[in-house]
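Presented below is the structure to which this report refers.
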Amino acid sequence: MAYKTLGKIETFSLTRHGHLFEVPDSSRDYLFVQATNHPFLEEPYRAESYAIAYVKEGSINLQVGLTNHFIEAPALISLSPTMIRSFRKSTEVMKMDIVFFKDSFLLEGQNNLFFLMEYDFFENSEQSVISLAGDLLFKVKTIFELIRISQLSSGNHITVISRSYIMVLIYEMDFYQRNSASCDHNPDQIYPVFARFKKLLAKNYMNERKLDFYASQLNITPKYLSAVIKKHTGKSASEWIGESITLEAKVLLQNLTLTVAQISNQLNFSDQSIFGKFFRVHTGLTPVQYRKHL
């Protein structure tokens, strides 16, 4: 069957973030907001920009990929454009400072175009949230206050100053994550098979749905892989695979310029009906019903 070529898959733009947080000027490649009533976007989505958020008061439920985080202030959240995320309300009180920025903004004048790729915490859902305390809390609080003050200036160097503060913030986060990685309680060190499985899954879930593929890549049997994943997460490897595809399907279905057939093809299903049955098993809705629900 022939399918139309997929157009650009829409993401949550900086302009849309600006409208969401009622910031009048969101035409730049970066955006700073002080949210006192964070909008809770419960449907999964991607964004066109990176985001670093400082949770100052309250708590929030965040899902990044298939990882669920219950976040209590003070905390720091870091997300790359590729990460699928959704938010659910936890408390009435919520205060959060957020800086959104495109890679083109941060990399202007940089010789290293792969700078942001060097920091795993933007892409690793397990490292998306940092609980703040002590010196790190003081530093993060100070940096965000400096970013806020810089936005009030009318000088010619606001962009350069903001970029510098974000760079300092990234370096501080990297220092924390590197120290955390050496801790004996690092999950990726305790459960190496699961860590390797997650990396494989992130790269291949849109093309590979069979457990045999992942087991062969890890040089273990499908039965052993499923048992190990089930033991450490409470879900089988097949459930992880299915949930990854379902999450991607939800994001694609929000783009109304794509037909269900195009999405089925994008997710490597042999035909639309098989995709429809798969989606209904995992969500209780057909793809068309999910769109109506939105």
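The values are calculated or read from the model by the stated rules, or taken from the named source; none is laboratory data. None of these values were measured; they are calculated from a predicted model. For neighbour counting, all protein chains shown are included, and Cβ atoms are generated from backbone atoms with ideal geometry for every residue, glycine included.
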Discussion item. Can you pull out every residue in the stretch 1-39 that is modelled with pLDDT of 70 or more, under 20 Å from the mean Cα position of the chain (by Cα) and assigned to a loop (DSSP other than H, G, I, E, B)?
Written reply: Thr11, Ser13, Phe21, Asp29
Discussion item. Can you list residue pairs whose Cβ atoms sit under 7 Å apart, with the first residue in the stretch 260-288 being in the same structural domain as Gly242 (by TED's automatic domain parsing) and among the acidic types (Asp, Glu) and the second being surrounded by fewer than 15 Cβ atoms within 10 Å (Cβ to Cβ) and part of a helix (DSSP H, G or I)? Count only pairs 6 or more apart in sequence or on different chains.
Written reply: none
Fill in: Residue that is modelled with the lowest pLDDT [pool: residues in the stretch 92-131 that are in a loop (DSSP other than H, G, I, E, B) and surrounded by 13 or more Cβ atoms within 10 Å (Cβ to Cβ)]
Gln110
Discussion item. Criterion first (of a type outside the set (D, E, K, R), touching a residue at least 40 places away in the same chain (Cβ under 8 Å) and either assigned by TED's automatic domain parsing to the domain that holds Ile166 or in contact with a strand residue (DSSP E or B) (Cβ under 6 Å, 6 or more places away or on another chain) (or both)) does Leu113 satisfy it?
Written reply: no
Response to the item:
Here, helices (runs of 4 or more DSSP H) confined to the stretch 182-238 with at least 2 residues that are at pLDDT 90 or above are 192-204, 211-217, 222-233
Response to the item:
Expected output for the stretch 204-218 (first residue closer than 15 Å to Phe269 by Cβ, partner among the small types (Gly, Ala, Ser) and crowded, with 16+ Cβ neighbours inside 10 Å, Cβ below 7 Å, 6+ apart or cross-chain) is Tyr205/Ser244
Worksheet entry | Any chance Phe87 is on the phi < 0 side of the Ramachandran plot, in contact with a strand residue (DSSP E or B) (Cβ under 8 Å, 6 or more places away or on another chain) and aromatic (Phe, Trp, Tyr) | yes
Worksheet, complete the sentence: Restricted to the stretch 145-182 and to residues being within 19 Å of Asp97 (Cα to Cα) and within 21 Å of the chain's Cα centre (by Cα), the residue surrounded by the fewest Cβ atoms within 10 Å (Cβ to Cβ) is Tyr171
Item to complete: Could you tell me whether the stretch 139-148 includes any residue that is in a loop (DSSP other than H, G, I, E, B) and either modelled with pLDDT of 90 or more or not acidic (Asp, Glu) (or both)?
Response: no
